[in-house]
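For reference, the structure discussed in these notes is given below.
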Amino acid sequence: MKNFVFYNPTKIIFGENTISKIGEEIKKFGLNKILLHYGSGSIKRNGVYDQVINSLKEYNIEWIEVSGVKPNPRLSKVYEGIKFAKEHNVDGILAVGGGSVIDSAKAIAGGFYYDGDIWDAYSKKYIIKKALPLFSVLTLSATGSEMNGNSVITKEETKQKWATSSKELYPKVSIIDPTAQYSLPEKQTINGAVDAISHVMEYYFDGTKDTEIQDQIAEGIIRTVIKNTEILLENPKDYNARSNLAWSATLALNGLLRAGSNGGDWASHTLEHSVSALFDIAHGEGLAIIFPAWLEYVKNEYIEKFDRFAKEIFNIDTGNAAIDANLGIQALKEWYKRIGQPISLKEIGATEKDIERLVENAIQSSPMGKLKKLEEKEIREIYTIALKNK
Ligand code: NZQ
Ligand code: ZN
């Protein structure tokens, strides 16, 4: 295990009927006027908006609204939010939605105090040093953004979907009420499950040795996600399944698995971000396509871990590590197919000639990866596997 610092200041309030606590939590920080940030209206249809508003009113918190955040949140919306937040001189931000809304809110929170262009934080020219206090009411378990300091934003003109990270961007308080997710379209529940599994795999396969506790937690999270996703496909309102999936997704990317690791591999995520930037598909779909291709490409770098994955997740044990590794990757793909995810670029309409566009986009972030360092040649090979995967 590597030396580590574990830091996570986010307070989580988890469970049924907890959204009504948001006003009280914001008030505890002495805030009186906030920017309420949300997406395209699901929170109005499922009643979450009303619960939030009632709580803000109860605690005499004024609010202004910037809505319309799209999946794969855009930089233009961030600029709109920063301008509006400054004009109204808010003293905090409340994000109500999934990862896209929370990430957009983080960018606004950082941009509020930065004199330059907040895109500088995403193009690695600036580390966010000061941000508005941020709160979230989570409506889609997937990204872990409710309990981490990351934000991923897309710059429309250049199709760059890039990430930033800062300890200033952790939400102060996040509310996770699993019942708020009863209204999710099946596809979004599935996307969330794939994202959570992928976060776990980024750490699990980053090449660190002797991380028994992290490995056991990782395997437990993946098994829990698979089991509870299957329950939710039968009954989307199963409270225990929603709760277990939700907490698994939070734990997958809140720093717990990072402790003692190489910091995660993150090549699959970087390669995926180019896919969702160019094709505007959901992150969870892109990961179902890219991650198996990456696993296939790098498996010989650490075959024992792939063997262990096959055994622990899918009960595969032929006695031959190389065979098990292949069967494990195949079993993951089969599960993705079974729950309705694409597993090849072809399925999202990409062709051979899109490979170069993807490579060009992704190499801006190269070299990438810990288990295996990827540069142009390797990136092209992985996209080529992903094109034809079945
Ligand atoms: O626009 P609204 O109305 O909010 O609808 C959303 C959106 O259409 C809908 N939705 C959310 N909660 C719902 C609901 N519909 C009905 N009922 C509910 N309770 O779901 C759609 C997708 O929402 P989105 O926020 O885009 O999904 P997700 O949470 O998966 O976030 C994905 C974004 O986060 C980034 C991804 O790349 C992508 O841009 N990531 C952020 C990370 C982080 N901050 O740590 C790490 C991840 O690896 C990831 O890159
Ligand atoms: Zn992800």
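Taking other residues whose beta carbon is less than 12 angstrom from the beta carbon of residue 282, and scoring Lys, Arg as +1 and Asp, Glu as -1, yields -2.
Quick check: the distance between the Cα centres of the range 9-50 and the range 262-298, to the nearest angstrom? Each part reduced to its Cα centre gives a spacing of 31 Å. Model label sites at residue 89 and residue 115, defined 7 Å from Cα along the beta-carbon direction, differ in position by 2.1 nm.
Show that you can apply the helix-only estimate: for the chain, add -39,500 (n - 2.57) for every DSSP H stretch of four or more residues, divide by all residues, and state [θ] at 222 nm to the nearest 500.
-15000 deg cm²/dmol
Compared with the alpha-carbon gap, the fully stretched path from residue 212 to residue 4 is longer by 73.4 nm at 0.36 nm per residue.
Nothing charged except the Cβ atoms of Lys and Arg (+1) and of Asp and Glu (-1): what's the magnitude of the dipole of the range 99-144 about its Cα centre? Round to the nearest 20 debye.
Computed charge dipole of the range 99-144: roughly 140 debye.
Need the full-extension length gain, residue 187 to residue 331, defined as separation in residues times 0.36 nm minus the C-alpha distance. One decimal, nm.
Gain on extension, residue 187 to residue 331, equals 49.8 nm.
Which net charge results when you count Lys and Arg as +1 and Asp and Glu as -1 among the other residues whose beta-carbon is under 10 Å from that of residue 173? So the environment of residue 173 carries a net charge of +1.
Put simply, the amide H of residue 160, placed in the peptide plane, has neighbours under 5 Å in 155, leaving out anything fewer than 5 places away on its chain.
Towards the positive end of the charge dipole of the chain, with charges on Cβ (+1 Lys, Arg; -1 Asp, Glu), say which of 201, 389, 43 has the farthest Cα. Value: 43. Just going by the charge dipole of the range 11-180, with Lys and Arg at +1 and Asp and Glu at -1 on Cβ, which of 164, 148, 66 is farthest out on the positive end? Value computed over the given set: 164.
Taking θ as phi - 60° and the Karplus parameters 6.51, -1.76 and 1.60, the scalar couplings of the range 242-254 work out to 4, 5, 5, 5, 4, 5, 4, 5, 5, 5, 5, 9, 10 Hz in sequence order, x denoting glycine and proline. A viscosity of 1.306 mPa s and a temperature of 10 °C, combined with the Kirkwood radius over C-alpha pairs in the Stokes-Einstein formula, give the range 179-219 a diffusion coefficient of 134 µm²/s.
Which percent of Cα-Cα pairs in the chain sits in each 20 Å bin, short to long? It works out to 29, 59, 12, 0, in whole percents. Compared with the direct C-alpha span, the chain from residue 381 to residue 58 gains 110.6 nm at full extension, assuming 0.36 nm per residue. Relative to the longest principal axis of the Cα atoms of the chain, helix 303-314 runs at roughly 70 degrees. With distances taken between every two different alpha-carbon atoms, the range 185-388 has a Kirkwood hydrodynamic radius of 17.0 Å. Charged side chains reduced to their Cβ positions (Lys and Arg at +1, Asp and Glu at -1) give the chain a dipole of some 540 debye around its Cα centre.
Quick one: angle between helix 212-234 and the longest Cα principal axis of the chain, in degrees between 0 and 90, rounded to 10, please. Once rounded, the angle reads 80 degrees. Which of the listed residues, 336, 358, 282, is farthest toward the dipole's positive end in the range 238-390, when Lys, Arg count +1 and Asp, Glu count -1 at the beta-carbon? Result: 336.
Scaling the Cα radius of gyration of the range 11-180 by the globular reference 2.2 N^0.38 Å produces a ratio of 0.94. Overall, the range 11-180 carries a charge dipole of about 380 debye about its Cα centre when +1 sits on the Cβ of Lys and Arg and -1 on the Cβ of Asp and Glu, all other atoms neutral. Take every pair of alpha-carbon atoms less than 8 Å apart whose residues are at least six positions apart; their mean separation over the length of the chain yields a relative contact order of 16 percent. Counting protein heavy atoms only, the chain has 49 percent of its accessible area on carbon and sulfur, 1.4 angstrom probe.
The values are calculated or read from the model by the stated rules, or taken from the named source; none is laboratory data. None of the values given here were measured: they were computed from a predicted structure. Positions of Cβ are backbone-derived with ideal geometry, glycine not excepted, and every protein chain shown enters the neighbour counts. These area figures cover heavy atoms from the full protein model, side chains too; ligands, DNA and RNA do not enter into them. Shrake-Rupley method; radii C 1.70, N 1.55, O 1.52, S 1.80 Å.
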